[in-house]
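Each remark here refers to the structure printed beneath this line.
Please treat every number below as a calculation from the coordinates, not as lab data. Note that the structure is predicted; figures quoted are calculated from it, not measured. Every residue, glycine among them, receives a Cβ derived from its backbone with ideal geometry; neighbour counts consider all protein chains shown.
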Amino acid sequence: MIPTGTLPELLLTLALAVAIAPFFGRYLAQVYSGGSSIWDPIAGRIESAAYWVMGVDPDRPMTWKEYLRGLLVTDAAAMIGVFLILLYQANLPGNALGAPDMSWSLAFHTAVSFGTNTDYQHYVPETQVSQWVSLYGLQTLMYTSPATGLCAFVGFARGFARRDGRLGNYYSDLVRTITRVLVPLAVLGALAFVLLGVPETLSQAAHVFPLTGGREVIPLGPVASWDSIEFLGTNGGGFFSANAAHPFQNPSATTNFIAILLMLAIPLATPFAFARLVRRPGEAAPLIATVLTIFLFGLVLFLFLEGSNSYLPTTVNQGAGYLIGAETRFSITESALFQFTSVYSNTGATSMSLASLTPGAQSVLLFGMFMQSTPGGVGTGFGTLLIDVVLAVFMGGLMVGRSPEYLGKKIGMPQVKWAAAAILSHPFAILIPAAAAMVIPGVLESAIGGYSPHGFTILLYEFTSEAANNGSGMSPINDGTVFFNVAGALVMLVGRYFPVAAMLAIAGSLSSQEPHRPGSGTLKTRSVTFWFFLTVFIIIVTGLLFLPVLALGPFSQIVGGL
């Protein structure tokens, strides 16, 4: 049973996150509309210098293809740079603990992982990455990758608001996202973590001498600043291999609380920012209602399924909840809220052993990654929700025999084709490599010791997490091999950039349209009916795509009692 005394803390956390969202959404809309802010005196100078170094004109509007090209080029350049320094990190400074050069496949996977906002770690951070590489390589990608996700969202939103075939300037959006959104909030978050006892030092290790004798080396570093952008940018990669279960990274219930707020800050604010960018503030209501309905329903189900494990002997005391695999310094509610929020926001940070969760709870987490939009990662999560909206509006229009429209723009075959392709790319990115791992001799055996329902769940979680750009992992799995490094990197690239291309292509086609006045038969999207329709639509489509594969893993465990 879940201890009811801890539920008020859960409700307070979520209520505060929702209460902040409209105000932060207004600020985001102001940033991308060119409005002024308190950061102008500092940010303006930094931005001017950045445009000069990049050699770009921030005022030149771009077509969707130019916008996408700029996004791909900057991301590729950042990933290639990090790939190279990972290959040769042993000879670079700031490597007091002697981290070796990475193999090409592991460096490829790591660079792509951090560059796509996935941050899936096939390596041990304490021993396989130097502090210099963490600071100036991986942490750089932890800023640029969420920034490009927000740029994709902004470009998509402008498609509904503009009529000149342009989506704004990508380079301006990228730089303003970093200087006016991510850096200021990350600094404030880091200060909060430092005040709460999270280490922030350039010392790479502490040498202690236990009473039992000998010497122990405890890895250290700028953990607080890492934590801040890890949660704010829905990155999720841990400074330590234990991630948020490590007492240095997440020492108390207060740091746990702040981490949850940071993970939800941008994803919950984007519906309100979108409504302001398209100049229809009321349109945020059905979108945020859909997100919260699915999120809260999933959270309640997750808590219920983690309340106890019926497969354990009756002699095991579960009065405080099912605590196997959870940190005992947190209540089961605190641990479960962090883990559920992390997965559903596509952050991927972990404070629980995912393999120790009940099969039902594992299914809930997988379903959240299948949807990717409730609320999903920074920028791309809401972009996925808008793709769902495009398909839902089209289906709703067909059901009532009217021409589908959304925000005054007609939804036709070009938009639906791109939206459908984006939705279908997700199961393809998951199931093709999973099938390859099943049929290629030796891969499954070396990874999980052969087929079993639980083993298949671990394999399914691996590729689902990478395709959703989530980054959380379920053990035990030997995924540091060439197959999993290369296959995982390709899955992350497809899972990231195909939906982004679809978002911008839809935006490009819509931005060339003149807005239409709504008629008597136009589907009213600012309504309770549309909120209910969109919620059910997302759940049904996701179920049709993925329920069969769940039957091979966690559902088989539930039925078989494994």
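Observations, loosely collected:
- For the chain, the Kirkwood estimate of hydrodynamic radius, built from reciprocal distances between every pair of different alpha carbons, is 24.0 Å.
- Sorted by Cβ density within 10 Å, fewest first, the residues PHE382, PHE340, PHE24: PHE24, PHE340, PHE382
- Backbone HN-Hα couplings from phi across region 216-221 [Karplus 6.51/-1.76/1.60, Hz, Gly and Pro as x]: 10, 9, 10, x, 9, x
- Helical content of the chain, expressed as a calculated mean residue ellipticity at 222 nm, amounts to -20500 deg cm²/dmol (DSSP H runs of 4 or more residues, -39,500 (n - 2.57) each, divided by residue number, nearest 500).
- Mean-position separation - Cα centroids, region 84-146 and region 401-475, in angstrom: 26
- Each other residue within a Cβ distance under 15 Å of SER403 adds +1 if Lys or Arg and -1 if Asp or Glu, for a net charge of +3.
- Summed side-chain charge close to LYS524 - residues other than LYS524 whose Cβ falls under 14 Å, Lys, Arg +1, Asp, Glu -1: +2
- Environment charge at PRO58 (Cβ cut-off 11 Å; Lys +1, Arg +1, Asp -1, Glu -1): -2
- With the convex hull constructed from alpha-carbon coordinates only, region 110-156 shows a mean projected area of 3.2 nm² over all directions.
- 3J(HN,Hα) along region 29-40: 4, 5, 4, 8, 9, x, x, 8, 8, 5, 8, 3 Hz, from the Karplus curve 6.51 cos²θ - 1.76 cosθ + 1.60 with θ = phi - 60°, whole Hz, x for Gly and Pro.
- Cα gyration tensor shape of region 7-112, rounded if a/c is under 1.5, else prolate or oblate by comparing a/b with b/c: oblate
- Virtual spin-label span in nm between LEU7 and ALA355, 7 Å along Cα→Cβ: 3.4
- Annotation: amide H of TYR406 within the under-5 Å range of ILE411, sequence separation 5 or more or interchain, hydrogens built in the peptide plane.
- Semi-axis lengths, largest first, of the ellipsoid equivalent to region 4-279 are 34, 25, 15 Å, with √(5λ) applied to each eigenvalue of the Cα gyration tensor.
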